[in-house]
Amino acid sequence: MAKSKKSGTKSRSALRREREKELRRKTILNIAESLFAKQGYHRTGMEEIADMAEVSVGTVYFYFKNKEDILINLIGDVGFQLRKLVGEEFKKADASLDGIQKAGVAFFGQFCAKYPEKAAILFREAVGQSQEVEEHRKSFISKVITDLKNALERVAEKQDIKYRNTFSAEVMAVCIMGIYEQMACHYLLWNDRSEDIVALGEDAVCFTIGGVESMV
């Protein structure tokens, strides 16, 4: 790879090529995300992805070994975006129950409502696929549950409170994840009530916060 003789860093042309490659990769992923969400993973072909991304099929295969690999990359990218979003909302509230509530509101208002296609990838298109895809989906869910568990434990530590037992934070994290996922599926992906998802989500958040308070 071309590098500057003086500093050993990459040349401008090399950096430009890297930016262009990353842009093509992101373009392919964005197109695939949209197609998978609108018409389904199984109804979408590599040729269609390439055509919509305005690249050759060979270019798509240069970045991804197959369509399954694209889905796996989407699970990783979208999952990271979601975890970052809700994590930042929790940190803003300085490890309080208000932070747990704001993180939940962000899930429905800033993720589900604004990016329904991303929600479709995580909670619909990633379900029932190959074992490899399922492992990545399980990994994402496990990470969210761990994030929630750690957040709840941080609340207990910061607010000097105790939960019912040593399993309480984990049980609550699993329940919250399950409720939010099913809310997204039922109201956003199955029944197309996207205009109501924020208000419905606020009710779900209040319900889960009440559950957390009952465990103290």
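Derivation of every value follows stated rules applied to the coordinates shown; laboratory data play no part. This one's a predicted model, so the numbers in the text were calculated from it and none came from an experiment. Backbone-built Cβ (ideal geometry, glycine too); neighbour counts: all protein chains shown.
In debye, nearest 20, what is the charge dipole magnitude of the stretch 153-216 about its Cα centre with +1 on Lys and Arg Cβ and -1 on Asp and Glu Cβ, if you could check?
That gives the stretch 153-216 a dipole magnitude of about 280 debye.
List the residues of the stretch 86-102 whose backbone N lies under 19 Å from a point placed 7 Å from the Cα of Glu157 along the Cα-to-Cβ direction.
87-101
Taking the Cα centre of the chain as the origin, how large is its charge dipole in debye, to the nearest 20, when only Lys and Arg (+1) and Asp and Glu (-1) carry charge on their Cβ atoms?
With Lys and Arg at +1 and Asp and Glu at -1, about 1420 debye.
For Ser214 and Phe80, compute 0.36 nm times the residue count separating them, minus their Cα-Cα distance, and round to one decimal in nm.
45.2 nm
Collect residues whose amide H, placed 1.01 Å from N in the peptide plane, falls under 5 Å from the amide H of Lys10; neighbours closer than 5 in sequence don't count.
Ser4
Let me check against my output: what whole-number percent is the relative contact order of the chain, with C-alpha pairs under 8 Å and at least 6 apart?
Contact order relative to length: 19 percent.
Which ³J(HN,Hα) values in Hz, rounded to whole numbers, follow from the phi angles of the stretch 164-176 under the Karplus curve 6.51 cos²θ - 1.76 cosθ + 1.60, where θ = phi - 60° and Gly and Pro get x?
Once θ is set to phi - 60°, the couplings for the stretch 164-176 become 4, 7, 5, 8, 4, 4, 5, 4, 5, 4, 5, 5, 4 Hz.
Show that you can apply the helix-only estimate: for the chain, add -39,500 (n - 2.57) for every DSSP H stretch of four or more residues, divide by all residues, and state [θ] at 222 nm to the nearest 500.
Per the formula, -22500 deg cm²/dmol.
Using 0.36 nm times the number of residues separating Thr9 and Asp94, minus their current alpha carbon distance, what extension gain do you get?
So the extension gain works out to 26.6 nm.
Beyond 29 Å, what share of the Cα-Cα pairs of the chain is found? Please give it as a whole percent.
Value for the chain (Cα pairs over 29 Å): 38 percent.
First measure r as the distance between the Cβ atoms of Tyr61 and Glu181, then evaluate 1/(1 + (r/R0)^6) with R0 = 25 Å and state the FRET efficiency to the nearest 0.05.
That pair, Tyr61 with Glu181, gives E of 0.15.
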